[in-house]
Amino acid sequence: MTVGELYEEFFDGLVSWCAAMCGGETAAEDMVQEAFARALTKSETIEKLHPMQARAWLYTTIKNIYLDRARRRAFESVSDEIPDIAADEDDYDDAETDELINALPYPDGSMFRMRYLEGYSSKEIGEIFNMPSGTVRSRLSETRRKLRKMLKEE
């Protein structure tokens with residue numbers, strides 16, 4: 001069965017199941033579309049599967065997409081907001097902020113600047129530095145702790 005045929009056959013059922021899991025039809029449609037986009041990249045393998053195996057692969061992929069998004073939301077919620085040192089320009093002028101960031105080891109300073117001052121996402125930074133977005137978030141968290149410590153020492 002081709003990916004297009006799988007789409008025709010299973011799309012509505014996948015969206016219904018996913019909407020019940022994530023609580024919204026729009027988010028469910030996005031996740032199902034993403035799963036089918038992934039299926040297209042693996043179409044040679046998917047098309048060799050029995051239709052029920054392909055359906056199971058789609059369900060598993062959607063569940064994993066949902067879990068990845070939930071983890072990302074948990075990591076990037078409140079703890080990933082712009083820290084006080086970058087947001088509060090009344091306390092620190094640009095030169096002092098640059099000096100603090102430049103004191104960080106590479107690539108932590110660059111990653112911090114990209115995330116909090118230039119607006120890159122963790123995923124985009126991960127692609128640039130060739131590392132998983134979870135590693136980027138972990139390093140940014142550690143960098144924020146280092147900066148807080150540096151500020152307290154001043």
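Quick notes on this structure:
- Residue-wise HN-Hα coupling along region 112-123, computed from phi with Karplus coefficients 6.51, -1.76, 1.60 (Hz; x: Gly, Pro): 4, 4, 5, 6, 9, 9, 10, x, 5, 7, 4, 5
- Calculated on the Cα set of region 3-76, radius of gyration then Dmax: 12.2, 38 Å.
- Phi-derived couplings, Karplus 6.51 cos²θ - 1.76 cosθ + 1.60 at θ = phi - 60°, listed residue by residue for region 11-18: 3, 4, x, 5, 5, 4, 4, 5 Hz, with x used for Gly and Pro.
- Rounded to the nearest 10 degrees, the inclination of helix 25-41 to the longest alpha-carbon principal axis of the chain is 80 degrees.
- Across region 68-73, rounded Karplus estimates of 3J(HN,Hα) from the backbone phi angles (6.51 cos²θ - 1.76 cosθ + 1.60, θ = phi - 60°) give 4, 5, 5, 5, 4, 4 Hz, Gly and Pro being marked x.
- Partner lysines for Lys42 [C-alpha distance under 24 Å; skip if fewer than 8 residues away on the same chain]: Lys63, Lys123
- Principal-axis tilt of helix 133-153 within the chain, Cα atoms, nearest 10 degrees: 20 degrees
We did not get these values from a lab; they are worked out from the coordinates using the rules stated. Computed from a predicted structure; not experimentally measured.
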